[in-house]
């Protein structure tokens, strides 16, 4: 593990910036999860106590779940906490393992780019229509996909840069 002072200044700035972006994403998804819990509590209270089901809850919940899932997945890519199968990587020599890591990061960057590109097209296409019951743009449903794609691309490229410079600290990948 490298001490922060050992890293080149540009890498320190990149790491600080990406750490901040990941922190903001974690905070926002945490808030979204709390809001999701509260509105489902309101749904149950409205349905069983007031006998008047708040119909908007389902639509808002779908938006929140999309946000939590996609943004959380992007942070998982950055923090290397996403699901992965590392048995094959662990069984091969270090040189082959590094090739696998580079290929994985390149594939993830490509996947993020596709998510960003097609998510943006879908968001733009759907922005003009409204979500029933809450009257918000339909494009909000695919906006988390777009943002997540951009973040996955950014985070994967940052992993490749760190790997190239020899300062990648992902334990299960390089060791």
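Each reported figure results from applying straightforward, stated rules to the coordinates on display, with no laboratory input. Not measured: the values here are computed from a predicted model. Using ideal geometry, Cβ is built from the backbone for each residue, glycine included, and neighbour counts are taken over all protein chains shown.
Being at negative phi and surrounded by 13 or more Cβ atoms within 10 Å (Cβ to Cβ) is true for just one of 74, 10, 52. Which residue is that? Answer to the selection: 74.
Among the residues of the range 101-134, those identified as within 21 Å of residue 73 (Cβ to Cβ) and exposed (fewer than 15 other Cβ atoms within 10 Å of the Cβ) are 103, 106, 107, 110, 114, 117, 118, 121.
If the condition is being without any contact (Cβ under 8 Å) to a residue 40 or more places away in the chain, in contact with a helix residue (DSSP H, G or I) (Cβ under 7 Å, 6 or more places away or on another chain) and either part of a helix (DSSP H, G or I) or under 21 Å from residue 69 (Cβ atoms) (or both), then the range 128-141 contributes 138, 139. Take the conditions under 19 Å from the mean Cα position of the chain (by Cα) and either within 30 Å of residue 64 (Cβ to Cβ) or in a loop (DSSP other than H, G, I, E, B) (or both) and apply them to residue 160. Does it pass? Considered against the rule, which asks whether it is under 19 Å from the mean Cα position of the chain (by Cα) and either within 30 Å of residue 64 (Cβ to Cβ) or in a loop (DSSP other than H, G, I, E, B) (or both), residue 160 comes out as no.
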